[in-house]
Amino acid sequence: MPRLSSLEELRPSPMLICTLVLVSYFFVTAGIAYDIINEPPAVGGQTDPVTGAVKPMTFMPYRLNGQFILEGLSGGFFYTLGGVGIILLDLSRDKNQSVLFRNVYLGLGLAITILSYMVCMVFIRIKMPGYMR
Amino acid sequence: MSPVKPSSGPEPYVSHASLFETAKRYLTKTKSQELLLRSIILIFVYLLAFCIRLFSVLRYESVIHEFDPYFNYRSTINLVQEGFYEFWNWFDAESWHPLGRVVGGTVYPGLMFTAAILYKVSQFLTACIKLRDICVFTAPFFAGNTALIAYLFGKELKDTETGLVAAALMAVVPGYISRSVAGSFDNEAVAIFALVTTFYLWVRAVNQGTIASAVLAAFAYLYMAASWGAYVFISNLIPLYVIIMFVSGRYSRRIYVAYTTFWAVGSLLAMQVRFIGFNHVTSNELLSFNGVFVGLQVWEALVFLRTKLGTKQFGQLVYLTAVAAGAVGAAGTAILVLSGKLNPWTGRFWTLLDPTYAKKFIPIVASVSEHQPTTWASYIFDLHVLVFAAPAGLYFCFKRPTDGTIFLTVFALTAIYFSGIMVRLMLVAAPAFVLLSAIAVSSILQSASKELRTPAAAETKTSPVATRRGRTSASNEENITTKKSTNLMILGLTFLALWSYSSHSVWVTSEAYSSPSIVLISGWGPHRVVLDDFREAYYWLRHNTAPDAKVMSWWDYGYQITAMGNRTVIVDNNTWNNTHIATVGRAMASNETEAYKIMRQLDVDYALVIFGGMSGYSSDDINKFLWMVRIGGGVFPVIKESDYLANGDYTVSSRGTQTMLNSLMYKLSYYDFGNIMTEHGKGTGYDRVRNYEIGKKDVQLDHLYEAFTSEHWIVRIYRVKDLENRF
């Protein structure tokens, strides 16, 4: 039936779907539902007790169930980046690529994965000072 | 029967090897080594899953936590003592006075049956474990079972290595531990086991395409439908998967057999649960479940007809049938919806599709702290390195899609989306994250160890490649991906990541998820402070009040009062009747005279409030008061939220409004508190939770008198006075 074959051509490639999935993963883990419902400010403010000036406060402290918008976006970004790093590590195993690309993927993948993990650990320590104590 | 004689000699062969030599012979075979290693790993995973959940039992005692588990415990006692038929038809007159509650028809009985069966089995084996201990340890027992099912699921999805990684990750994932510690005798304890089992058996049924495997999956679905309201997740996910397989061109006869059998047997079995009943075929929530069944039959009928008729005749038939079916379907759905026969979606599930729905329309659903949306930090707190490995797992699923991995992808994407909307659903997303990460971790480990095991082959490959291409640059660039050091480093990093994951899980379980919320423990060693006020107050109620006394409190504490205090309550955690809860909320928010009228109407003898100002316990009724106002105001417009806010600020200090300071809740919480000095350097009546002094310090009660206040003033009970004599 001719209509079915055009359906085949309409189907997007799996890797395009994977990219869309990763983008949606970024938004969901950044806490976009929390942002829409509770509408927190982009960054909080901390009033300096002596001078009265307002210092921007990026992480809502001591509470796991509250966040500012930028804080959520940066957390979600590093989660997705860590995933991309592991994907790059796997891309470096492809035997049909040139050696240069494989080396670059490996180095970049390792660097990105380790970086994301370290940054997320720093973030969670800023947010929850009692972490791992 | 004479032994078969071998051709080599007249005597049958008898080995004279010693035990040690036999063992050595078996142990040097790779297959037995692998079996031994796998068994040891799985045994350790089970023990780990069980033991990591025992922190609160070891630190304090074997006691049931939280609020909902107390109702489940009471139901299990009823089931064990009265028997199956009494439980199935139980009408509970001790809650929701004067309405009562049809427990038999409004409860998911799976958990109670499981605990009762475990109790009966242990009695039969003369192990004689108390029912309360059985209930406390049901959750860790089933957590170990979930880890083993995760092993089978991983094996079905990819291979044995993935299964082992999945089992190990599932044993300690904090998102699952949070609802399955020892003492958390709640539906999720067995429901997550049922969920993963149903998914595993479904993927197995799709892979095998036999009726027997689909019937097995339907029985797992029965267990899930009997245990938790989230069975609709399964009933919507599996049709969604069938639709996606159809659209992506992977539809096969196996899916048809699996789904048809699953629908038929699963629906019939799920309808046996009284709470579900005919909802399973009439409710909107299961529309896709039934609709996809009809659609599949239509498609297979069309395929059958096409093989029998010619192309032209078939084309005409298809056109006619499509038009007729479309018209009939649209008209039928319209009639059913308009005549009200199709039940609409319940509010809790609407929230999942439109997150702002509950905030606008159903304050009760919006007020539960577990229904709040998730922040970014919950992900890393509940899942740690799995948040990094999950997107990589999704990539692996897309790279080499099989029927099973497509199902895992659909499950993971819906679960991750829902976990973003409600914190509580992080529990459902945790198995998805575990399985995806298992695929990713197992792939990394397999590719790295494969490179390590074939160093000679790689070296002989590079020289012919260089001469064939004729480029000298190929020999200048070293392929660092095949070098031993790189792969050892990758293995080492994976080891470190999993080590940090497990140490994080143990810390999180120990610090955050092991509090028996019925007892408040703080401090360590000689400075340990235990606040046992709740049980003190409930047992006071049990021993010092009339057996038919009715207690009015906010709905959070209803289950605990009925279970431990053994007294009738007005509203409890089931929250099935919003008007009744609004009546209680109105009573708490009105002034004392109005509240007295409502309390006389409801037959209330005692009023119970939770107060944290003296001890610093922050989940007290004053902090929940605005929700009482909102819920009461939702039904009785005489209660307006703006009356209780001073310039938009919720405060009980001297700036508070008169309505707030005269409300029953304020009076019951702060009665006699104005004479107490709680902190050095602050005045009397300093509230340690709100961190300011209260507004009205001398509280007079006309229609109630104080009956009991617990040691740290956390629970305060007041007796409602009788009507005055007229003469």
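For A:110, B:302, which order do you get if you count the other beta carbons within 10 Å of each Cβ and list the fewest first?
Details: A:110 19, B:302 14.
Starting with the residue having the fewest Cβ neighbours, the order is B:302, A:110.
Where is the GNM fluctuation largest for chain A (alpha-carbon springs, 10 angstrom cutoff): A:11, A:102, A:63?
Evaluated over chain A, the most mobile residue of the options is A:11.
I need B:590, B:510 ordered by Cβ neighbour count within 10 Å, fewest first.
Working: B:590 22, B:510 13.
Exposure proxy ranking, most exposed first: B:510, B:590.
Can you list residues from other chains, or at least 5 along the same chain, whose modelled amide H is less than 5 Å from the amide H of residue B:687?
B:692, B:693, B:694
Kirkwood Rh and Cα-based Rg: tell me the resulting Rg over Rh for the range B:501-554, rounded to two decimals. Numbers along the way, then the final one.
Values: Rg = 17.0 Å, Rh = 14.2 Å.
With Rh from the inverse mean 1/r over Cα pairs, Rg/Rh is 1.20.
Would you mind checking which residues have amide H under 5 Å from residue A:57's amide H? H placed 1.01 Å from N; only 5 or more apart, or other chain.
A:44, A:45, A:46
Determine the alpha carbon to alpha carbon distance for each of B:155/B:483; B:696/B:721; B:31/B:155; B:550/B:624 and list only those over 28 Å.
Working: B:155/B:483 30 Å; B:696/B:721 23 Å; B:31/B:155 17 Å; B:550/B:624 22 Å.
Exceeds cut-off: B:155/B:483.
Can you compute 3J(HN,Hα) from phi for each residue in the range B:134-151, using the Karplus curve 6.51 cos²θ - 1.76 cosθ + 1.60 with θ = phi - 60°, rounded to whole Hz and x for Gly and Pro?
Listing the rounded values in order: 4, 5, 5, 9, 4, 5, x, 4, 6, 5, x, 4, 4, 4, 5, 5, 4, 4 Hz.
Gap in Å between the Cα centre of the range B:506-537 and the Cα centre of the range B:117-158?
26
Could you work out, residue by residue across A:75-85, how many beta carbons of other chains sit within 10 Å of that residue's beta carbon, and then give the average as an integer?
Working: counts 7, 4, 1, 4, 8, 3, 2, 7, 11, 4, 3.
Taking the mean over all residues of the peptide, I get 5.
Over all directions, average the projected area of the Cα convex hull of chain B and note it in nm². Provide the component values of the computation, followed by the final result.
Working: hull surface 206.5 nm².
Result: a mean projected hull area of 51.6 nm².
Distance between the C-alpha centers of the range B:175-200 and the range A:72-133? Whole Å please.
31
Averaging sequence separations of C-alpha pairs under 8 Å and six or more residues apart, then dividing by the length of the range B:1-130, give the relative contact order as a whole percent. Working shown, then result.
On the way: 56 pairs, mean separation 15.5, N = 130.
Relative contact order here is 12 percent.
Please list, in order along the range B:82-92, the HN-Hα scalar couplings obtained from phi with the Karplus expression 6.51 cos²θ - 1.76 cosθ + 1.60 (θ = phi - 60°), rounded to whole Hz, x for Gly and Pro.
Using θ = phi - 60°, the values come out as 8, x, 5, 5, 5, 5, 4, 10, 6, 10, 9 Hz.
Run the simple label-point estimate for residue B:319 and residue B:449 please: 7 Å along Cα→C-beta, distance reported in nm.
Those two pseudo-labels are separated by 6.2 nm.
Highest mean first, what order results for B:678-690, B:437-449 on Cβ atoms within 10 Å? Walk me through the numbers before you get to the answer.
Numbers: B:678-690: 15.1, B:437-449: 22.6.
Sorting B:678-690, B:437-449 by mean packing, highest first, produces B:437-449, B:678-690.
Sorted from fewest to most neighbouring beta carbons within 10 Å, what does the list B:603, B:548 look like?
Values: B:603 15, B:548 11.
Starting with the residue having the fewest Cβ neighbours, the order is B:548, B:603.
Starting from 0.36 nm per residue, how many nanometres of slack lie between residue B:81 and residue B:40 once their C-alpha separation is accounted for? Please list the in-between numbers first.
Numbers: separation 41, 0.36 × 41 = 14.76 nm, distance 3.99 nm.
Taking 0.36 nm per residue and subtracting the Cα distance, the gain is 10.8 nm.
Long-range amide H contacts for residue B:704: which residues qualify at under 5 Å (H placed 1.01 Å from N, peptide plane, sequence gap of 5 or more or a different chain)?
Amide H to amide H, under 5 Å and 5 or more residues apart or across chains, residue B:704 pairs with B:721.
Over all directions, average the projected area of the Cα convex hull of the range B:636-715 and note it in nm². Please list the in-between numbers first.
Working: hull surface 25.4 nm².
For the Cα atoms of the range B:636-715, the hull's average projected area reads 6.3 nm².
Can you give the relative contact order of the range A:1-117 as a percent, counting alpha carbon pairs under 8 Å and 6+ residues apart? Please report the intermediate quantities before stating the final value.
On the way: 117 pairs, mean separation 25.6, N = 117.
Relative contact order for the range A:1-117 comes out at 22 percent.
When the helices in chain A are scored as -39500 (n - 2.57) per DSSP H run of 4 or longer and the sum is shared across all residues, what 222 nm value do you end up with, to the nearest 500 deg cm²/dmol? Intermediate values should be presented prior to the final figure.
Numbers: 5 runs with 84 residues, N = 133.
Taken over chain A, the calculation gives -21000 deg cm²/dmol.
Where does the Debye-calculated log10 I(q)/I(0) of the protein assembly as shown sit at q = 0.05 Å⁻¹, using only Cα point scatterers of equal weight, no solvent?
Reported log10 I(q)/I(0), two decimals: -0.35.
Of the peptides B:48-61, B:256-269, B:407-420, how do they stack up when ordered by the mean number of other Cβ atoms within 10 Å, highest first?
On the way: B:48-61: 19.2, B:256-269: 20.9, B:407-420: 22.8.
Packing order, densest peptide first, comes out as B:407-420, B:256-269, B:48-61.
What order, most packed first, do the peptides B:664-676, A:72-84, B:243-255, B:30-42 have when packing is the mean number of other Cβ atoms within 10 Å of each residue?
So the peptides B:664-676, A:72-84, B:243-255, B:30-42, ranked by packing, come out A:72-84, B:664-676, B:243-255, B:30-42.
Report, as an integer, the average count of C-beta atoms from other chains found within 10 Å of each Cβ along B:402-413.
Numbers: counts 0, 0, 0, 0, 1, 0, 0, 3, 0, 0, 2, 4.
The shielding value for this peptide is 1.
Could you grab the relative contact order for chain B? Cα pairs under 8 Å, six or more apart, rounded to a whole percent. Numbers along the way, then the final one.
Values: 1042 pairs, mean separation 87.2, N = 727.
Relative contact order, chain B: 12 percent.
Across peptide A:58-64, what mean number of C-beta atoms from other chains lies inside 10 Å of a residue's C-beta?
So the per-residue partner count for this stretch is 2.
None of the figures in this text is laboratory data; all of them are computed from the coordinates on show. Source: prediction; values computed, not measured. Don't worry about glycine lacking a Cβ; one is built from the backbone with ideal geometry, like all the others, and counts go over all protein chains shown.
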